1. Among the residues of segment 43-72 satisfying the criterion of being assigned to a helix (DSSP H, G or I) and among the basic types (K, R), which is farthest from T130 (Cα to Cα)?
2. Before we move on, is N138 open to solvent by less than 70 Å² (accessible area, probe 1.4 Å), within 20 Å of Y17 (Cα to Cα) and of a type in the set (S, T, N, Q)?
3. Provide a single number: the residues in segment 1-24 that are loosely packed, with under 14 Cβ neighbours inside 10 Å, in a helix (DSSP H, G or I) and of a type in the set (V, I, T).
4. Only one of these conditions is not met by K34: (1) open to solvent by 10 Å² or more (accessible area, probe 1.4 Å); (2) in contact (Cβ under 8 Å) with a residue 12 or more places away in the chain. Which number is it?
5. For segment 37-65, which positions are farther than 13 Å from D98 by Cα, of a type outside the set (K, R) and open to solvent by 70 Å² or more (accessible area, probe 1.4 Å)?
6. Could you grab me the full set of residues in segment 114-133 that are part of a helix (DSSP H, G or I) and either acidic (D, E) or open to solvent by less than 20 Å² (accessible area, probe 1.4 Å) (or both)?
7. Restricting attention to segment 73-113, which residues are open to solvent by 60 Å² or more (accessible area, probe 1.4 Å), part of a loop (DSSP other than H, G, I, E, B) and at pLDDT 95 or above?
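The values are calculated or read from the model by the stated rules, or taken from the named source; none is laboratory data. Because the structure is a prediction, the values reported are computed rather than measured. Cβ placement follows ideal geometry from the backbone for every residue including glycine, while neighbour counts extend to all protein chains displayed. SASA here: full protein model, heavy atoms, side chains in, ligands and nucleic acids out. Shrake-Rupley method; radii C 1.70, N 1.55, O 1.52, S 1.80 Å.
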Amino acid sequence: MKTTPTSSRMYGFIVLYEMQTDFLIRALDGIDQKDAQKRLDTKANHIAWITGSVVHGRYFLAKSFGIDLPSITDELFADNKGIVDDATYPLLEDFIKDWAAISPKLQEALTQATDEKLEEKLSIPGMEITLFEMISFNSYREASCIGQIALWRRLLNYPGMNYM
């Protein structure tokens, strides 16, 4: 871990955040754009959608800290929109650029978050949760999505994901 978080509650999340920042790039390594939107005759979310949703999640979380930057995910992923069957999703390299732009800014905000900030309430359609709970959920979801991309690598005959 690069720095010690202000709130001790954030220590584990910062460790995961740093790992997942790198793991997404590793999961996408070598994936051809034509394969990124394959669904293999299923209704499963493809790599491009999964990647975009993870990127969008970081931008959404960043807004809770007053970091409001534009992202290529703004339209296709607004309001937690699911996959659109006939949509052409952005290039993986464009998602990676957005990931690289938001990740250090959000990490700094997460590292500097006070316990008071973490207890702020967020209103989400149908529920109210704390910022800390949203960070927890987002961390879990990122790991899950990276695992899905790792599985897609195998299904599309790519080598397994390199974690080192």
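1. Here is the first cut: in segment 43-72, the residues assigned to a helix (DSSP H, G or I) are 47-63.
Okay, now just the ones that are also among the basic types (K, R), so 58, 63.
Working: R58: 16, K63: 14 Å.
By that ranking, first place goes to R58.
2. Yes; evaluated as a whole, the condition is true for this residue.
3. Counting residues in segment 1-24 that are loosely packed, with under 14 Cβ neighbours inside 10 Å, in a helix (DSSP H, G or I) and of a type in the set (V, I, T) gives 1.
4. In the conditions (1) open to solvent by 10 Å² or more (accessible area, probe 1.4 Å); (2) in contact (Cβ under 8 Å) with a residue 12 or more places away in the chain, K34 misses (2) alone.
5. Just the residues of segment 37-65 that are farther than 13 Å from D98 by Cα, to begin with: 37-50, 61, 63-65.
Narrowing the set further to residues that are of a type outside the set (K, R) leaves 37, 40-42, 44-50, 61, 64-65.
The answer is L40, D41.
6. Hits for segment 114-133 are D115, E116, L118, L131, E133.
7. Within segment 73-113, just L91 meets the criteria.
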